[in-house]
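Values in this text are rule-based calculations from the coordinates and carry no lab data. In this text the structure is predicted, and so the values were computed from the model without any measurement. So basically every Cβ, Gly included, is an ideal-geometry build from the backbone, and we count neighbours across all protein chains shown.
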Ligand SMILES: Cc1cc2nc3c(=O)[nH]c(=O)nc-3n(C[C@H](O)[C@H](O)[C@H](O)COP(=O)(O)OP(=O)(O)OC[C@H]3O[C@@H](n4cnc5c(N)ncnc54)[C@H](O)[C@@H]3O)c2cc1C
């Protein structure tokens, strides 16, 4: 009986350093390479992925086209289905007698519930998962997942104490060959995509999706001396060079994090190690921490009270939410950030901190709606990094200080002293009061 494999691509849209794909390549005779876009999901739903903004759709489409080209070079095909992965996978299992299923480990509640349902429903099939999104394997962590520290600084201390940067495995080479494709009906996915998910962005994108573009960006970044100044520039608000901009490709796995670390080490060997190059590694450790945090708290990552016991006193005010999301608040710096996010699908780390702090503290809004909005907009949306950072900012996550309330006026003076950023994104042209109903006029 020939072994028929199904590889469910998710946030691992590459052939390079993909342990899950290598395993499939070694084990089965024919292979179905599948990606699903669940176009039926609605915004805002709870456990379902958010609807993708035009920028996210565009970046994902380019990433899939690039993956398809990579697979074609192996004589393989990419099967893309515009339906729930549960339905698509169930149909393919039945029609093609699939015996082996593969995927990369995922933090997402939606992805995991589908995988779990499949495992229960098809308990006689072979299910296999590999870690392709992290620097470490669970067995390499300085503690068990249960004992993952409640703060990043403690996690970093443990990593540094056990000199774990030495055990980061070298990235794996792409497979030399892939099993032949199963004869899956070709549904002309790109035509379907254009019908279901039209691309209506009206300005050129900052980022091009796909492993090819990601690898090019990685080479270009380290071909210059930007990494040697990263620590001084990393709090910038606008432009391509103040930070690495690895996140969009890292998030959907078109770039492997271990490939980035390998390039960082090669840069250090050439240009020297300094505080800035070390800081890039620290930031990648933040990412690593949030990945394991997501694995440790698969449900609480999305809970209002976060990983703590106390439910915040914030609520949901539709008018305030709307004004925040389009950049019509009384705060010029926030408006500029939100307009930048909506136009480009990207926002600096400083900008994200400011808009999240404003959302929770000035606007009194339930942080989960902010996280959900960023899920919809960010081309670098990453389940663990997004929800983990929002929890942190909302004071219900891995922050020893309890909460981060930024003084927006002071922050604007420090990071945008000549108001160039605010002017560029017209943040000062849409200043509106938070509420159209004045509380003073309310009956007592
Ligand atoms: C409210 C909020 C939401 C966020 N949502 C996301 C998200 O959905 N996806 C995402 O990748 N990052 C998220 N971040 C983290 C951070 O803002 C971005 O990773 C960073 O701005 C990406 O730009 P860069 O690649 O140039 O980062 P750099 O400053 O160059 O950092 C290098 C890499 O380190 C990692 N990194 C840096 N800071 C963080 C951090 N605080 N948490 C986790 N990883 C980090 C990223 O992988 C990044 O690519 C969020 C931060 C906040 C405050």
Distribution output for region 59-198: share of Cα-Cα pairs per 10 Å bin in percent, first bin at 0, values 9, 28, 33, 20, 10, 0
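Averaging over every viewing direction, what projected area does the convex hull of the Cα atoms of region 278-389 cover, in nm²? Don't skip to the end; give the middle numbers.
Working: hull surface 29.1 nm².
It is 7.3 nm².
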Note: region 60-119 at 25 °C, 0.890 mPa s; Kirkwood Rh on alpha carbon pairs; Stokes-Einstein D in µm²/s works out to 185
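Taking the Cβ-Cβ separation of residue 307 and residue 127 as r and a Förster radius of 30 Å, what is the calculated FRET efficiency to the nearest 0.05? Could the numbers behind the result be given before it?
Numbers: r = 29 Å, r/R0 = 0.95.
Using R0 = 30 Å, I get an efficiency of 0.55.
Under the rule of -39500 (n - 2.57) per DSSP H run of 4 or more residues, summed and divided by the residues of the chain, what mean residue ellipticity at 222 nm is obtained, to the nearest 500 deg cm²/dmol?
Working: 18 runs with 197 residues, N = 444.
Per the formula, -13500 deg cm²/dmol.
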The alpha-carbon center of region 98-174 and that of region 269-283 are separated, in whole Å, by 26
The orientation-averaged projected area of the Cα convex hull of region 318-441, in nm², is 7.8
Rounded to two decimals, the Rg over Rh value of region 1-132 from Cα coordinates and the Kirkwood Rh reads 0.94
To the nearest 10 degrees, the tilt of helix 85-96 (Cα long axis) against the first principal axis of the alpha carbons of the chain is 10
Honestly region 140-282 on the Cα gyration tensor test (a ≥ b ≥ c root eigenvalues; a/c under 1.5 rounded, otherwise a/b vs b/c for prolate or oblate) is just prolate
Placing each pseudo-label 7 Å from Cα in the direction of the beta carbon, residue 315 and residue 220 end up separated by a distance in nanometres of 4.8
One finds, for residue 269 and residue 409 with R0 = 51 angstrom and r their Cβ-Cβ distance, a FRET efficiency to the nearest 0.05 of 0.70
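Quote to one decimal, in nm, the extra length available between residue 143 and residue 202 on full extension: 0.36 nm per residue of separation minus the C-alpha distance between them.
Details: separation 59, 0.36 × 59 = 21.24 nm, distance 4.80 nm.
Residue separation times 0.36 nm, minus the Cα-Cα distance, leaves 16.4 nm.
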For 314-321, 278-285, 364-371, ranked highest to lowest by mean beta-carbon neighbours within 10 Å, the order is 364-371, 278-285, 314-321
Per 20 angstrom bin, beginning at 0 and ending with the bin that holds the maximum distance, the Cα pairs of the chain fall in percents of 24, 58, 18, 1
Sorted on mean Cβ neighbours within 10 Å (highest first), peptides 256-269, 349-362 come out as 349-362, 256-269
The convex hull of the Cα atoms of region 105-156, divided by residue count, gives a volume in Å³ per residue of 111
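Output the Kirkwood hydrodynamic radius of region 203-317, Cα pairs only, in Å rounded to one decimal. The partial results should precede the final answer.
Values: mean 1/r = 0.0615 Å⁻¹.
Answer for region 203-317: a Kirkwood hydrodynamic radius of 16.3 Å.
Using the beta-carbon distance between residue 120 and residue 322 and R0 = 35 Å, what value does 1/(1 + (r/R0)^6) give for FRET efficiency, to the nearest 0.05?
Working: r = 41 Å, r/R0 = 1.17.
The pair residue 120/residue 322 has a calculated efficiency of 0.30.
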Check: C-alpha center region 17-32 vs C-alpha center region 209-232, spacing in Å is 30
Output ordering of 129-138, 323-332, 144-153 (per-residue mean of other Cβ within 10 Å, highest first) is 323-332, 129-138, 144-153
Zone reached by a paramagnetic label modelled 7 Å from residue 436 Cα along Cα→Cβ, restricted to region 321-350 with backbone N below 19 Å, covers 321-331
Computed over the chain, the relative contact order (Cα-Cα under 8 Å, seq sep at least six) in percent reads 19
